[in-house]
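Shown next, in structure tokens, is the structure this report addresses.
The values are calculated or read from the model by the stated rules, or taken from the named source; none is laboratory data. Since this is a predicted model, take the numbers as computed values, not measurements. So basically every Cβ, Gly included, is an ideal-geometry build from the backbone, and we count neighbours across all protein chains shown.
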Amino acid sequence: MEGEMKNFIKVWLSVTISLCYCYAIGKMASKGIKRLICLIPVVCIFLYLPLCLTSVHIGGTTAFFIAWLANFKLLLFAFGLGPLSSHPPISLPLFVIVSCLPIKIQNNNNHNSKPNPSQNNNPSPGAREGPLNYAIKGLLVAILVQLQLAYEYSDYVLFVHPKLILLVYSIHMYFLLELILAASAAVARATLGLELEPQFKEPYLSTSLQDFWGKRWNLMVTGILRPTVYKPTLHIFTRVTGRKWASLPAVFATFLVSGFMHQLMFFYLGRGAGLKPTWGVTWFFVLHGVCLAVELALKKAVTGRFRLPRIISGLLTVAFVMVTGCWLFFPQFTHCKLDERAFEEYAALGAFFRNVWSSFVRACKAK
């Protein structure tokens, strides 16, 4: 862990220096191909830096923030788009923070304008849900961790179906992400006065794949893929197929890129265990891209003449996501041994804090 923390500091120091360079390039190079050429070396560096880390939590989070989030924002910045190209220009510290973190910039320039109720009453997801909601989710996470520990160390492992364990992992991941993001949003709001971008919006209430992927699940990724992949592809195919059907190849292209990026994240995670990718994650997103394109085509064909009851479409959507997830997506967690490595990291972190506490107690007694 000590070596990993040193590498972590070196990686983020390199990220900060690189983003300072990008900020300077934004001042000197006009938007377009010229600025893109100047930023390409940084994009390559950000793809390399996660290889310096091997842990699940530190390495995985860093890989997402710099290899995916920061790189896609820098590609938008090259053409004068995205949050890094706001007007008036943002400061250097804010540029660094917004580049690699899911930060949402609040526009408070129009002091003389009338208040907008839709803006003032639309807090972040963390602010909307009360402490009781998160207390319940925290309790569920604790129960799920105990179930996973019981599965790992129990003598009755053979009586538990592996798919059920994958289901427990998926629910655990969802609730844990919500709690981490809520805590991060509270810290960012209290210390920096900034809001985190929304991440989830009750995905278990989805009524279609379009509703699930576009409005409820992983909205942070949706928000970065829409301007970088979906809109350019939509613009290109609008000239070829017309506006009505251009959204279908645009949706598929978005899911294809998402599949490759998710596979890259699992490559970074699996590298710590010396494993090669199986490409199951990519096929998961290719499958959902095809199915969502078919769903959109059917909606355009029937044009509102037929619609399933909400409860039936909701159950079918959630069931389809869970079945395909347990088939293609969630097995990657066990393939990369993320569960075993995560518990090892928890144990190492606990041992570290116990050693720190023991050293503190000994120092107090010596005095």
Per the filter on segment 276-290, residues surrounded by fewer than 16 Cβ atoms within 10 Å (Cβ to Cβ) and either of a type outside the set (D, E, K, R) or closer than 19 Å to ARG216 by Cα (or both) are TRP279, VAL290
Can you work out which of the residues in segment 13-56 that are surrounded by 16 or more Cβ atoms within 10 Å (Cβ to Cβ) and part of a loop (DSSP other than H, G, I, E, B) is nearest to the chain's Cα centre (by Cα)? VAL56
Determine whether segment 299-314 contains at least one residue that is within 24 Å of the chain's Cα centre (by Cα) and either surrounded by 18 or more Cβ atoms within 10 Å (Cβ to Cβ) or under 23 Å from PRO227 (Cβ atoms) (or both). yes
Where in segment 57-131 are there helices (runs of 4 or more DSSP H), lying wholly inside it, with at least 2 residues that are assigned by TED's automatic domain parsing to the domain that holds LEU39 and modelled with pLDDT of 80 or more? 57-62, 71-78, 92-100
Kindly list the number of the only condition in (1) in a helix (DSSP H, G or I); (2) over 18 Å from the mean Cα position of the chain (by Cα); (3) more than 17 Å from PRO102 (Cα to Cα) that fails for THR207. (1)
Here are LYS10, LYS6: which of them is surrounded by fewer than 17 Cβ atoms within 10 Å (Cβ to Cβ) and touching a residue at least 40 places away in the same chain (Cβ under 8 Å)? LYS10
Looking only at segment 188-204, which residues are part of a helix (DSSP H, G or I) and of a type outside the set (S, T, N, Q)? ALA188, ARG189, ALA190, PRO203, TYR204
Could you give me the residue pairs with C-beta distances under 9 Å whose first residue belongs to segment 327-355 and is modelled with pLDDT of 80 or more, whose second residue is outside any helix (DSSP H, G or I) wherever it lies, and which are 6+ apart or on separate chains? PRO331/THR278; GLN332/PRO277; GLN332/THR278
Might you check whether a residue that is of a type in the set (Val, Ile, Thr) and crowded, with 19+ Cβ neighbours inside 10 Å occurs anywhere in segment 250-270? yes
Qualifying helices (runs of 4 or more DSSP H) (wholly inside segment 217-278; at least 3 residues being outside the structural domain of ALA297 (by TED's automatic domain parsing) and under 20 Å from LEU75 (Cβ atoms)): none
Condition broken by ARG362, with the remaining ones in (1) without any contact (Cβ under 8 Å) to a residue 40 or more places away in the chain; (2) in the same structural domain as GLU295 (by TED's automatic domain parsing) satisfied: (2)
